[in-house]
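Notes follow the structure.
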Amino acid sequence: MTQYDYTIYKDNSPQKFKEACTKISRAFPQAKKSKLLVDVDGSTIQAFTADGHSIRVYDDYEIGAVFVTSDVNLDSIFS
């Protein structure tokens, strides 16, 4: 269940997407990183699983933003 949403950048940005993924990888070095998903419109989604928690990073071209959804609090990373 997603409890937390973080807008990282209010436009599409492969660079901001990679930076968000790097921050999560550093904060959760034990996290399992799923295969990068690329949608037909070019949107990218990177999913992580850490201690049974789901974290997803999106560079969504339909919405036009880079954002993170998570069922664990990431305020210390994205505040």
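Anything in region 11-60 that is in contact (Cβ under 8 Å) with a residue 40 or more places away in the chain and either at positive phi or aliphatic (A, V, I, L, M) (or both)? List them, or say none.
Selection gives ALA20, ILE24, ALA27, VAL57.
Pick out, from region 38-79, the strands (runs of 3 or more DSSP E) lying fully within it that include 1 or more residues that are modelled with pLDDT under 95 and more than 11 Å from the chain's Cα centre (by Cα).
Fully inside region 38-79 and qualifying: 44-50, 53-60.
Tally up the residues in region 48-79 that are open to solvent by less than 80 Å² (accessible area, probe 1.4 Å) and over 16 Å from THR7 (Cα atoms), please.
Qualifying residue count for the region: 6.
Kindly provide the set of residues from region 30-47 that are touching a strand residue (DSSP E or B) at 6+ places or on another chain (Cβ under 9 Å) and over 19 Å from GLN15 (Cβ atoms), ordered by number.
Residues satisfying the conditions are GLN30, ALA31, LYS32, SER34, LYS35, ALA47.
I'm trying to understand the selection: among the residues of region 1-37, which are part of a helix (DSSP H, G or I) and either over 12 Å from the mean Cα position of the chain (by Cα) or aromatic (Phe, Trp, Tyr) (or both)?
GLN15, PHE17, ARG26, ALA27
Go through region 26-44 and count every residue that is open to solvent by 40 Å² or more (accessible area, probe 1.4 Å) and either under 13 Å from ASP59 (Cα atoms) or aliphatic (A, V, I, L, M) (or both).
The number of residues fulfilling the criteria is 7.
If you scan region 1-25, which residues turn out to be exposed (fewer than 10 other Cβ atoms within 10 Å of the Cβ) and either of a type in the set (Phe, Trp, Tyr) or over 15 Å from ASP71 (Cβ atoms) (or both)?
Listed by number, the list holds a single entry, ASP11.
The values are calculated or read from the model by the stated rules, or taken from the named source; none is laboratory data. What you see is a predicted model, and the numbers here were worked out from it, not measured in a lab. Note that we place each Cβ from the backbone using ideal geometry, even for glycine, and neighbour counts take in every protein chain shown. Note: areas computed on protein heavy atoms with side chains; ligands, DNA, RNA excluded. Shrake-Rupley method; radii C 1.70, N 1.55, O 1.52, S 1.80 Å.
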